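Working notes, structure below.
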Amino acid sequence: MRAHEHWPPPLVGAVFSATPLGFGTATVFGGRLADRLPPRRLCAAAVGLLVIGFLVAFLWPSALTFVAFYAFLGLGLGGGLSLTASIGAAVQAFPERVGSVGGALTGTYALAAVVQVPLVARLVELMGWLDALRIVGSLMAVLAVAAVVVLPSLPAPPLAQEERVPAGDLLRRPRLWTGVVLVATANPLGAYAFVNAGAYARAHGLAVALAGLALVAVAVGNAAGRLIAGLLADARGPDLVLLVVALCELASGPLVAVALPAALLGGSLGAGLALGGAAGVLSRMAADAAPDAPHSAFGLLFAGYAAGALAGPLLGPLLGNGAAATPWIGLCLAGVLSLAVLALRRRIRPEAPPVDRSARPRPTNPAG
């Protein structure tokens with residue numbers, strides 16, 4: 001798009017950032033709905049938003065339609081609603097593996113980029129960027145429709161009959177608001193790397209193939225980080241995972257700034273791991289912070305995550321141009337705030353599980 005449509009870098013960043021903006025918005029209200037409604041109904045609504053967004057952008061392509069419909073409506077609102085609905089369905093099936101389920105589903109979302117990026121890049125060479133996106137986007141939309149058709153019909157979650165917990169009350173819980181800050185500061189560098197790692201490599205005279213590998217490294221790290229973080233969050237708790245995520249973010253910026261091939265690839269992988277790890281741990285964090293409204297808490301946490309992903313590509317260009325090392329160093333310093341919040345969370349106890357109002361007290365046996 002930069003080469004053929006002469007879109008400036010801030011506009012390309014806006015297309016990328018509109019997706020997490022829509023994603024975060026959708027997960028907030030989608031999480032509230034997922035605590036109340038059957039998952040299949042929400043998934044169908046999500047796919048409808050995806051199809052509408054793609055249709056408008058592909059039929060009337062422009063900067064406006066790609067920001068508003070392709071990125072914000074289709075991939076953002078549609079993607080965020082589908083994620084909360086899908087996690088709601090999976091948690092009903094595997095209630096004891098909340099972290100693993102969340103990591104697997106968010107990892108699958110990220111893993112698609114490992115397939116789609118090379119596919120789109122190859123098709124761009126043959127037919128141009130717009131037709132390439134039309135073909136791949138249409139294929140993904142058809143697969144999404146097919147998935148909704150075969151998705152098992154599940155009832156509303158068990159907590160649907162309980163009294164709704166207001167979002168403001170949820171955010172006042174220390175484990176939740178500190179979690180929002182944590183995930184918002186753990187991923188700006190990774191989001192910036194998705195947009196700029198390849199261009200940074202080319203600006204420093206590195207080969208086109210290496211620039212492509214840098215983007216693949218971010219995508220692989222993003223997908224692997226989500227899967228691994230979900231599994232570890234169930235086994236060791238989310239705070240240990242977030243400590244590793246913050247350290248990855250802090251180390252990745254200086255590595256990329258060196259602009260040597262091995263360091264660039266290592267830093268790109270580390271930035272992707274931080275970006276993915278912060279997403280993979282969200283469902284476990286939500287269940288720990290709000291066992292009485294886990295999907296609502298997930299939506300709020302993902303909004304914080306999306307805010308960090310939105311900020312990275314927008315703040316990076318303000319810190320320096322595409323060839324400068326200062327954006328990489330500046331954005332990675334958000335990891336320092338993550339470490340400070342983690343130190344605070346060590347003093348906060350997890351939320352107690354909700355009381356089952358339907359259970360009747362059992363008579364006790366004084367002699368027993």
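Worth a mention:
- Ranked list, fewest to most other Cβ atoms within 10 Å of each Cβ, for Y305, Y70, Y192: Y70, Y305, Y192
- The range 1-101, relative contact order in percent, only Cα pairs under 8 angstrom and at least six apart counted: 38
- In terms of packing, defined here as the mean over residues of other Cβ atoms within 10 angstrom, the peptides 116-123, 240-247 line up highest first as 240-247, 116-123.
- Projecting the Cα atoms of V148, F302, L119 onto the charge dipole of the chain, computed from C-beta unit charges around the Cα centre, puts F302 farthest toward the positive end.
- Sorted by Cβ density within 10 Å, fewest first, the residues T178, T108: T108, T178
- Listed residues L227, L333, L310, most fluctuating in the chain (Gaussian network, C-alpha, under 10 Å): L333
- Unit charges on C-beta of K, R, D, E only; dipole of the chain, Debye: 560
- Equivalent-ellipsoid semi-axes of the chain, from the Cα gyration tensor, Å, largest first: 36, 25, 16
- Within the listed set A44, A271, A112, the residue fluctuating most in the Gaussian network model of the chain (springs between alpha-carbon atoms under 10 angstrom) is A112.
- When the chain is treated as a GNM with alpha-carbon contacts under 10 Å, the residue of L170, L265, L49 showing the greatest mean-square fluctuation is L170.
- Helix runs (DSSP H) in the chain reaching 15 Å along axis by Cα, Kyte-Doolittle at least -1.0: 9-34, 39-59, 79-93, 98-127, 129-150, 174-185, 188-203, 208-236, 238-258, 261-280, 294-319, 334-345
- Since only P8, L242, V165 are under comparison, the one whose Cα sits farthest along the positive direction of the charge dipole of the chain, derived from C-beta charges on Lys, Arg, Asp and Glu, is V165.
- Per-pair calculated FRET efficiency, R0 = 25 Å: I329 and L171 via Cβ, rounded to 0.05: 0.20
- Comparing L176, A207, S86 along the charge dipole axis of the chain, the residue lying farthest to the positive side is L176, per the Cβ-charge model.
- In terms of its alpha-carbon gyration tensor, the range 1-80 comes out oblate; a/c meets the 1.5 threshold, while b/c is at least as large as a/b.
- Gyration tensor verdict on the range 111-197 (Cα atoms; rounded if a/c is under 1.5, prolate if a/b is larger than b/c, oblate otherwise): oblate
No lab work stands behind these numbers, since they all come straight from the coordinates. No experiment lies behind these values; they were computed from the predicted model shown. All Cβ positions, glycine included, derive from the backbone under ideal geometry; neighbour counts span all protein chains shown.
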